[in-house]
Each structure stands twice: as structure tokens, then as C-alpha cells.
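A short write-up of the structure that comes next.
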Amino acid sequence: MITVITFNPSIDRLYKLETFKIGTVQRANFVNPTAGGKGLNVAKVIKQLGESPICLGFLGGYNGLYIKNELDKVEIVNNFTEINGESRICLNIIDGDKNSTEILEKGPRINEDDILDFESKLDKVLESSKVLVASGSLSQGMPVDYYKTVGEMCNRKGVKFILDTSGRSLEMSISENLYLIKPNIEELELLTHKKINNKEDAINASKFLLEKGVKNICISMGKDGMIFLNKEHIYDVKIPKIEVLNTVGSGDSSIAGFAYGVLNDYSLKDCLKLANSCGMSNALYMETGYINKKDIALFLNEIKINEYNY
Ligand SMILES: Nc1ncnc2c1ncn2[C@@H]1O[C@H](COP(=O)(O)OP(=O)(O)O)[C@@H](O)[C@H]1O
Ligand SMILES: O=P(O)(O)OC[C@H]1O[C@](O)(COP(=O)(O)O)[C@@H](O)[C@@H]1O
């Protein structure tokens, strides 16, 4: 089973505008609310691929009820810790030129009892998990290195830990308990304190993370596909050009594809192909965290993987 943690779920509201003019009153001609936050997008895509993930994290207030209801509707099993605060709303505004502007709330503050409740739930589900995906920001009130604690819990139970987060919480969680991280270029620059201009820069900047014990690294590069590194291989995943509609959630979709591959004992190259196919498929649709299996079948044949010399 795959367990998916979203500490900071949100109602993602997508607005479509012809032009996005700051300082004016504007009327949206398309609004689409979905249950979001990175981990929930991951869970939705895993479900569409045909596996049944279980979701943990924190939910509260009316927004929390809405999110839970949306998950129940698509039969995604969940066992969130109920908190006193109100779960957040995140906005994604897309204009006629397909520029996306995201406004992400910080989300509610949680307390020590919430964390203890979460830990007892996690401890139980890890018994039957092969893979754990934790995605997105921590809730306010959590220790900045909390993902390290999650990694230790996974390590004790022999569960493969995939982490997709950014900034200090990623930096503070780097350890030998990480099976996979998936920074994009911006996140990698923050993590390595280096400017990344091309694939070679990305590879050179990331190697020290392998020395610190991270087992596998996927550097996602939008339309340029992905670079993969572990101690044995460096791969360049080349993807075909596509006409994108909305790339928000493509990173989450690629994590879902990789996790699905690991759960089903796919080869490394096949995990990478599925990850990129899911990211690409998500980018073809307005809805965040939606993929289409026909696209995936097509992309799996078109993606090429080249090996770099170590
Ligand atoms: N513009 C795009 N064209 C084609 N594929 C894309 C595009 N944007 C994203 N993808 C696919 O989704 C994956 C993850 O997207 P990326 O934007 O790099 O991650 P994130 O959403 O975390 O920033 C990419 O590696 C790629 O496979
Ligand atoms: O938890 P965070 O890091 O604040 O991110 C939340 C936001 O990230 C998203 O999942 C999009 O992430 P990606 O575009 O990186 O895949 C939104 O759906 C969500 O609102």
C-alpha cells in the first residue's frame, strides 16, 4: 500500500481570466474548486492509476469537511487528524496567455496533541505500507525538521520514504532515510544555494545529497523532462513537446507515477517513464491532479532515457 501525508491540505480554487490586471475588479469566466495540497494531488493520481492509497494529515473547519467530502466521493481512504483551525484555500489564476499566478495560504496552526494523534495513526498504517509519500508544506506549529521524524518512523518499519517539499523543511530533512526527493530547479537552487542554468549544473549541484545518504533524486525540469541521479546511474529523461493547459500539480502527478512504479516493482527506467507521463498528462488539462490513461500509454512510448557517464 502507498500512504500519502498532506500536513497542509487546501481547497485549490482555479480562476480563469482573459487578462490578469492588478488593481482592477475582474470577473472570472471559469472557477474550479478541488481538494488539493500537494499530497492530495498525489493521492488522486495514484487512485486514477488503479491503486488505493491512504491519506493522513490535518484537516479542520468547513474547508476541512469539504476536502474530506471530495475525497470520500472518489473513494480515497483517509484518516485525517481533526484540528481546531480552518484548513486553507489556495488560488491559481490562469490568464489568456496561460500564465499561472498562485496565491498559497499558510494554513492553520496545529498543536502537540494534533501531532501525537497523527503519529499514532501513522505508526499503524506503516505496518501495511510499502511506500510513504509526504508532499507539501508543514503546518504552522510543526518543527521545521519534522519530515526527519517521519523518515525515522519509515526507516524503523522498512518503508520507502518519498519526500516532496521545499525550503528549510527540505534542507533540514536530508538524511539516509530518504528513498527519493523530487526538487524542481527553483527548489534545488534553494537547497544547494547554487544557480542552476542547465542539466550539468543540476547534476553537479545535487551529488552531495547522495553523499548525505539520499538514495534517489529526481530533478524535475518542466518541459525539459527530468534528471535522475543515484549512486549507480545518472539519467536524462527526454520528453516530447506538448501543448500545455495548466501545469499546476504536474510535479505531484510525477511523484504519484514514481510511487506507483515502486509499489509495483517497476524497473527504475519504467518508474521514470511513468512519472514523466503522469506529469505531462496533468499539464494537458485544466483540473489539477487529473490524468488520462490514453495520454499515458502514448507518452510511455515517446519518452527516451539517456545515460550520462558518471
Ligand atoms: N510544460 C511542460 N511540458 C511538458 N511536460 C511538462 C511540462 N511541465 C511539467 N511537465 C511534466 O511534469 C513533470 C513535473 O513538472 P515540474 O513543473 O518540473 O514540477 P513542479 O510542478 O514540481 O514544479 C516534468 O518533469 C514533466 O514530465
Ligand atoms: O503545500 P504547499 O507546498 O504550500 O503547496 C500547495 C500547492 O501546491 C500545489 O499542489 C501545486 O504543486 P505543484 O505545481 O508543485 O505540483 C497546489 O495544488 C497547492 O495548492
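Nothing in this text is a laboratory measurement; each read-out follows from the coordinates by a stated rule. Owing to the predicted nature of the structure, the values given are computational and were not obtained by experimental measurement. Positions of Cβ are generated from backbone atoms using ideal geometry, with glycine treated the same way; all protein chains shown enter the neighbour counts.
Its alpha carbons give the chain an Rg and a Dmax of 18.5, 55 Å. DSSP bridge analysis restricted to the chain gives an antiparallel fraction near 45%, rounded to the nearest 5.
Here the peptides 35-43, 115-123 are ranked by packing, the mean other Cβ count within 10 Å, and the order with the highest first is 35-43, 115-123. Scan the range 1-107 for GluC sites (Glu not before Pro) in coil per DSSP, keeping those whose Cβ has at most 11 other Cβ atoms within 10 Å, and list them by number. The qualifying sites are Glu75. Between Glu307 and Gln140, the modelled label-to-label distance comes to 5.0 nm, taking each label 7 Å out from Cα in the direction of the beta carbon. Dividing the helix sum by the residues of the chain, where each DSSP H run of 4 or more adds -39500 (n - 2.57), gives a mean residue ellipticity at 222 nm of -12000 deg cm²/dmol.
Summing Cβ point charges (Lys, Arg +1; Asp, Glu -1) relative to the Cα centre of the range 195-310 gives a dipole of roughly 100 debye. Measure up Lys98/Lys212; Lys47/Lys106; Lys160/Lys293; Lys44/Lys241; Lys68/Lys212; Lys16/Lys293 against 29 Å on the Cα-Cα distance and list the ones that go over. Distance filter (> 29 Å) returns Lys98/Lys212; Lys68/Lys212. Counted by Cβ distance under 12 Å from Ser10, the other residues give a net charge of -1, where Lys and Arg count +1 and Asp and Glu count -1. Packing-based ranking of 209-215, 249-255, 6-12 yields 249-255, 6-12, 209-215, ordered from highest to lowest mean Cβ neighbour count within 10 Å. When the trypsin sites (Lys or Arg not before Pro) in the range 231-273 are filtered for DSSP coil states and for at most 15 other beta-carbon atoms within 10 Å of their beta-carbon, the remaining sites are Lys231, Lys241.
R0 = 41 Å: FRET efficiency of Asp265 with Ile22, Cβ-based, nearest 0.05? After rounding, the FRET efficiency stands at 0.25.
Dipole magnitude for the range 96-240: about 440 debye, using +1 per Lys or Arg Cβ and -1 per Asp or Glu Cβ, origin at the Cα centre. Counting only Cβ charges, +1 for Lys and Arg and -1 for Asp and Glu, the dipole size of the chain around its Cα centre is about 480 debye.
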